[in-house]
1. Compute the separation of the alpha-carbon centres of region 19-61 and region 192-257 and state it in Å as a whole number.
2. Only Cα pairs under 8 Å and at least 6 apart count here; give the relative contact order of the chain as a rounded whole percent.
3. State the extension gain, in nm to one decimal, for the chain segment bounded by residue 449 and residue 66, taking 0.36 nm per residue of separation less the distance between their alpha-carbons.
4. Quick one: accessible area per residue over the chain, 1.4 Å probe, rounded to a whole number of Å²?
5. Decide, for region 318-368, between rounded, prolate and oblate: order the square roots of the alpha carbon gyration tensor eigenvalues as a ≥ b ≥ c, take rounded if a/c falls under 1.5, and otherwise choose prolate if a/b is larger than b/c, else oblate.
6. Tell me the net charge near residue 231. Cut-off is 13 Å between Cβ atoms, residue 231 excluded, with +1 for each Lys or Arg and -1 for each Asp or Glu.
7. For residue 281 and residue 327, compute 0.36 nm times the residue count separating them, minus their Cα-Cα distance, and round to one decimal in nm.
8. Quickly rank 449-458, 314-323, 231-240 as a protection proxy: mean count of other C-beta atoms within 10 Å, highest first.
Amino acid sequence: MRFLGVHPGPLLYSRIFLRLEPLGLELVAAAARHAGHTVRLIDLQVEDHPAYFRLLDSWRPDVVAFSCVLKGEGEAAIPLLLAAIEAGRGVELVPGAVTPAGEGPPPVFVDSLDDLMPARDLLRHRRKYFLGTLDPCASIEFSRGCPWDCTFCSAWTFYGRSYRVVSPHRVVEDLRSIREPGVFIVDDVAFVQERHGMQIAEAIIRAGIRKQYYLETRGDVLLRNKEVFRFWRKLGLEYMFIGLEAIDEEGLRKHRKRVSLGRNFEALEFARSLGIMIAINLIADPDWDHERFRIIREWGVELPEVVNISVNTPYPGTESWTTEGSRVASRDYRLYDIQHAVLPTRLPLAEFYDELVTTQRAFYRKHLGWQRVMDTTGVILRHLMHGQTNFVRSLFLLDRVYRPELLLADHALPVEYRMPVPRPEVTGRADGRALYIHPPRGRRGRAIDSATERFVEETRMGATP
């Protein structure tokens, strides 16, 4: 069969700061190709809709899949789905299938992450993917899942609080296939297990691979596993993203972040000592008023780090959706991008967006525009010499793309797809078992040693390690 995988168009973020290769879709494509199907991909971040329709007309695919095609891990289910379609059978018996008639059997995990290798060759415009000054930039997976349970996140509900790892040998094999100098490690929390991070680093050194890396982690993981992060700094770690989420204990409790404010700030100090570029995230609550925005703005402009604000958004699959989904002010699917407010705001919506944009611009002004050009002249010249303009363009896009009147106008668009709200009988409840996509497997589902397991459980219970 001819299988066409389609990555949808970009979110607001990716129009300015980054454009990442659709790694998940590449992995699904590889699974379909391994099952004997002919596969093509098109990424609407870098290609337009006319190109998509031309491909439909010229190639005539039998199956078109938009990003997520099944419930659960697509690599395990896509061969079964395509086999059912090819044989003319109903797909309702495919694990993870969701049909108008109901859901199929529960989804299953892939046998081993080592069995997976993305079909990177299927993307035509690889030089258009970037992340900050990592231009061009590929993406890679070292682990999958998260053992914590933050209310706003779906990683733990999707993977059943499991945590699986890719072997160092397989990581090196994948890195050898990457031609880009920059690599984004897509793990939800990098180096939860220190030993695994060190083993990968040592394998990369033995292989003689030199790249520049960007990763995301938690403050408490950073402090617990300092040596592995020091090692990776020598290996080429250039950027680190830390989700602080809040600058007060009340905000941390609301998001069940399980890291104390003091530990978060301690983690920032250690990250600075590594001499890398740090980006931190805060979650703007729709309940914020003018004074709260002012306090956040004054705090953020004094920091040397890049500070990003995302809007508290209850996504389906998260605990927040179960507890707050019935309160949403908009069910327009397009607004669920963590830059629009879909919950009722204390301020009039226009004033909320004006404060949000004013605050974000104040943070970014430290790092964008002509001052950033002067600070990164050498980097820019190297990019231009190799024909790379993604990072340079991003420096001047913020004021053009991120504007309060544009955010507000999006709410007036005709709603083409409405998000289904939680059932009344479960609204306000936070039963983790009902949220899981993949059933939890308990301790055996987490590839971490006993000491790390205790660390995770202690922080989940709110203790400070």
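The values are calculated or read from the model by the stated rules, or taken from the named source; none is laboratory data. Source: prediction; values computed, not measured. All Cβ positions, even for glycine, are placed from backbone atoms using ideal geometry, and neighbour counts span all protein chains on display. Areas reflect the complete protein model, heavy atoms only, side chains present, ligands, DNA and RNA absent. Shrake-Rupley method; radii C 1.70, N 1.55, O 1.52, S 1.80 Å.
1. One Cα centre to the other: 32 Å.
2. Working: 785 pairs, mean separation 74.9, N = 465.
Relative contact order here is 16 percent.
3. Using 0.36 nm per residue and subtracting the Cα-Cα distance, I get 134.1 nm.
4. Accessible area per residue, the chain: 45 Å².
5. prolate
6. The answer is +2.
7. So the chain would gain 14.1 nm between residue 281 and residue 327.
8. Values: 449-458: 15.0, 314-323: 20.6, 231-240: 18.8.
Ranked from most to least packed, the peptides come out as 314-323, 231-240, 449-458.
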